[in-house]
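Notes for the one structure printed next.
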Amino acid sequence: MRYEGRQMTQARPDVTDLKEAARPKAPRIAGATDMHRRQGRQLAMIHRMHLQQMAGVQRVLDDIAAGQGAPAALAEAVPQMEMLRNYRQFGNLCGQECQFLDYHHGAEEHDIFPHLASKGGDGLRKVIDKLREEHEVVHALLERLYADAVRLVQDPGPDAFDEARATFEALDRVVRSHFGYEEVELEEALGVYGGL
């Protein structure tokens, strides 16, 4: 069975708005060097690992759409995302894909963000507050994706598939945008003040 794109039949609240235009910019840090910036870019490497795992979920969706996979495969793939398990297990909003990333995840909400906020002043605190707000959007989309995957298994039709695909595509857009913002705005602070 192939699943062709259809209009979604149910209106669902939009949880994908990151309000990107309202994103504060981190102030430049006097004395930050290229070495500091390189150290701060380690966050991007961590994010790339997560994006690779999301690409695996995208492949499952593509296989289902092409008639080469069963809808149940999506319900099996989504809970395997460490990101979703981390959200549930630790109750915070920035999950990662392995034990090292689990450490990073907890450290970000509980150690890194508070540390950076205390060192960096009001401008950096505004960025961190915005990042925490965006973590909530990512969390809501992860929960929605899992619910959509379960629905797809229970009712494996085109409407359920289209909703799951739309949610995944929204999650992918949001995560990429969020990661990009976080990487740019925290690069100097992470290098200068430490935290990774």
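If you filter segment 97-131 down to residues that are more than 13 Å from the chain's Cα centre (by Cα) and among the acidic types (D, E), you find that the one that is modelled with the lowest pLDDT is D102. Residue count for segment 154-179 under the criterion of being of a type in the set (S, T, Y), at pLDDT below 90 and open to solvent by 10 Å² or more (accessible area, probe 1.4 Å): the result is 0. Reported count of residues in segment 180-194, each being open to solvent by 30 Å² or more (accessible area, probe 1.4 Å) and of a type in the set (A, V, I, L, M, F, W, C), is 2. Give me the pairs, please: first residue somewhere in segment 41-67 and over 23 Å from D162 (Cβ atoms) and at pLDDT 80 or above, second residue anywhere and buried (at least 16 other Cβ atoms within 10 Å of the Cβ) and of a type in the set (F, W, Y), beta-carbon distance under 6 Å, and either six or more positions apart or on two chains. From segment 41-67, the pairs are H47/F179.
Among the conditions (1) open to solvent by less than 100 Å² (accessible area, probe 1.4 Å); (2) part of a helix (DSSP H, G or I); (3) at pLDDT below 90; (4) not small (G, A, S), the only one that H36 does not satisfy is (3).
Here R151 fulfils each of the conditions (1) farther than 17 Å from V60 by Cα; (2) surrounded by 16 or more Cβ atoms within 10 Å (Cβ to Cβ) apart from (1). E134 satisfies every condition listed in (1) open to solvent by 20 Å² or more (accessible area, probe 1.4 Å); (2) at pLDDT 80 or above except (1).
The values are calculated or read from the model by the stated rules, or taken from the named source; none is laboratory data. Everything numeric in this text was worked out from a predicted model, so none of it was measured. Note that each Cβ is placed from the backbone with ideal geometry, even for glycine, and that neighbours are counted across all protein chains shown. Calculation scope for accessible area: heavy atoms of the full protein, side chains included, ligands and nucleic acids excluded. Shrake-Rupley method; radii C 1.70, N 1.55, O 1.52, S 1.80 Å.
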